[in-house]
Amino acid sequence: MPDNLSLRSLLVDAAERGIAYREAGAARRVAPSPEAVAAATKFIEPMPDIGADEKHVLAMLDEVGSPATVMMTGPRYFGFVIGGSLPVTVATNWLTTAWDQNVGMHEVTPITSTLELVAMDWMIDLFGLPAGTAASFVTGATIANFTALAAARNRVYSDIGWNVEADGLIGAPPVTLIVSEESHPTVFKSLGLLGFGRNRVVRAPVDGQGRIDASRFPAVKGPTIICTQAGNVNTGAFDPIADICDVAKPKGAWVHVDGAFGLWAAASADRSHLCSGFAAADSWATDAHKWLNVPYDSGIAFVRDTAALKSAMSITAEYLMTETRFRNPSDFTPELSRRARGVDVWAALKSLGKQGVAAMIDRCCSHARRFAAGFEEAGFDVLNDVVLNQVLVSFGDDATNRKIIDEIQKDGTCWCGVTVWQKKTAMRISVCNWSTSADDVDRSLEAIIRIAREHCS
Ligand SMILES: Cc1ncc(COP(=O)(O)O)c(C=O)c1O
């Protein structure tokens with residue numbers, strides 16, 4: 001059995017290895033070398049009969065595993081929409097992992113539940129959401145969308161006298177789901193998980209930036225849930241949510257906003273106009289592991305109608321301390337047991353303050369514009385209006401773009417992904433990392449343009 005001495009030396013060893021990994025991050029190639037990836041086959045072995053020494057376990061993970069990672073936390077990782085975890089959030093995460101609290105019930109873990117409540121109130125204020133909005137701390141925007149839409153399902157059905165939690169959807173009256181043609185795939189997945197079906201939806205047409213076209217918005221009739229988006233994963237564009245709310249809310253529809261990264265624009269004085277009128281919606285989903293730069297996994301669902309969220313999520317049992325005068329976290333989340341992910345959010349917000357969050361958002365947006373300007377100057381096509389932190393660039397036809405992106409990833413200076421935007425293959429850049437500097441953008445531009453010129457016919 002491990003004693004206190006081995007606990008100390010093991011945790012110090014892990015901390016030192018983690019620190020060395022992060023310190024080397026900015027200089028290291030972003031994609032791992034093919035040799036490092038190939039060496040990871042050393043992990044593939046039958047489960048040992050006799051366990052290995054704990055120090056050996058950690059050493060193997062670091063010596064073989066660390067070089068095989070993609071440097072997602074580094075300043076030149078621009079793939080998907082991925083934050084780089086602020087040092088204070090990594091530190092907090094390590095400490096809360098040592099606490100190893102189960103955040104299901106307030107009375108069992110008052111400190112983590114209190115910190116989540118504080119973080120929730122701060123974010124409601126930061127985003128300008130209505131007072132009294134409830135939040136659930138979940139794994140990411142996928143489950144935040146699911147959670148918010150579960151509350152929507154509860155409210156819309158209870159409005160027509162059907163108890164969906166008790167009686168399910170078989171034989172239930174129909175509800176109309178209006179989603180954007182450009183809704184993120186996780187919205188469709190959430191609708192599938194909720195029993196609505198991924199395809200039984202009415203699709204709202206979009207414009208060239210992927211925004212719902214308010215002038216062609218489908219008629220809202222009868223019980224309806226509408227899924228809108230703040231921040232398109234390709235272009236960063238925002239749906240006209242205030243206009244949609246103006247039409248839909250008087251008809252009793254539930255309006256949901258998927259703001260996985262875009263909701264954070266509300267924190268910046270220069271970009272909050274993109275979110276104006278959003279507070280009229282009923283629910284909002286966002287991620288903390290994207291633009292707030294906290295470690296994976298961390299997303300938040302906000303729901304105006306606390307009763308609808310609680311009815312969809314809460315459970316009770318004699319052995320659980322669910323009858324309490326406190327806010328019980330598990331009343332708001334799909335999970336009963338879970339880690340204290342809200343503490344990382346609290347630490348990020350506490351250490352940055354409102355000004356620090358705004359500065360981080362503004363910095364990433366100005367880096368995105370720097371990228372766009374660099375591409376245009378080099379004669380390449382930027383396919384989107386760079387309103388936020390997303391840039392789409394095309395170097396030519398489909399095959400040329402794919403070849404160039406592949407070479408950029410292999411080169412290792414930076415990492416960018418491929419997408420297809422309105423039938424055109426393009427390279428996506430998402431600037432989300434707290435530590436990216438103008439110099440990182442220039443180094444990346446230099447590598448991308450050099451590689452693109454080598455492969456453009
Ligand atoms: C708009 C949008 N919604 C949802 C998601 C899914 O987020 P997650 O992977 O954190 O579940 C993403 C991911 O990029 C996104 O951009």
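The values are calculated or read from the model by the stated rules, or taken from the named source; none is laboratory data. From a predicted model like this one, the values you see are computed outputs, not experimental measurements. Methodologically, a virtual Cβ is constructed for each residue, glycine included, from the backbone with ideal geometry; neighbour enumeration extends over all protein chains shown. Ligands, DNA and RNA are stripped out before the accessible areas are found, and what is left, the full protein with its side chains, is counted by its heavy atoms. Shrake-Rupley method; radii C 1.70, N 1.55, O 1.52, S 1.80 Å.
Couple of notes before you dig in:
- Test for Gly197: is it of a type outside the set (Asp, Glu), open to solvent by less than 40 Å² (accessible area, probe 1.4 Å) and within 16 Å of the ligand (Cβ to nearest atom): no
- Set Ala150, Ala91, Ala40: member being modelled with pLDDT of 95 or more and open to solvent by less than 20 Å² (accessible area, probe 1.4 Å): Ala150
- Taken together, the criteria exclude Arg402 from residues that are under 19 Å from Ser268 (Cβ atoms) and either surrounded by fewer than 24 Cβ atoms within 10 Å (Cβ to Cβ) or among the small types (Gly, Ala, Ser) (or both).
- Selection within the range 167-192: residues that are hydroxyl-bearing (Ser, Thr, Tyr) and open to solvent by less than 20 Å² (accessible area, probe 1.4 Å). The member of this set that is farthest from Thr235 (Cα to Cα) is Ser190.
- Any helices (runs of 4 or more DSSP H) falling wholly within the range 12-131 and containing at least 1 residues that are not assigned by TED's automatic domain parsing to the domain that holds Gly277: 34-39, 54-60, 87-99
- Residue within the range 158-166 that is within 16 Å of the ligand (Cβ to nearest atom), open to solvent by 50 Å² or more (accessible area, probe 1.4 Å), hydrophobic (A, V, I, L, M, F, W, C) and in the same structural domain as Trp254 (by TED's automatic domain parsing) present: no
- Condition met for Thr142 (within 16 Å of the ligand (Cβ to nearest atom), in contact with a strand residue (DSSP E or B) (Cβ under 8 Å, 6 or more places away or on another chain) and either more than 30 Å from Trp415 (Cα to Cα) or part of a loop (DSSP other than H, G, I, E, B) (or both)): no
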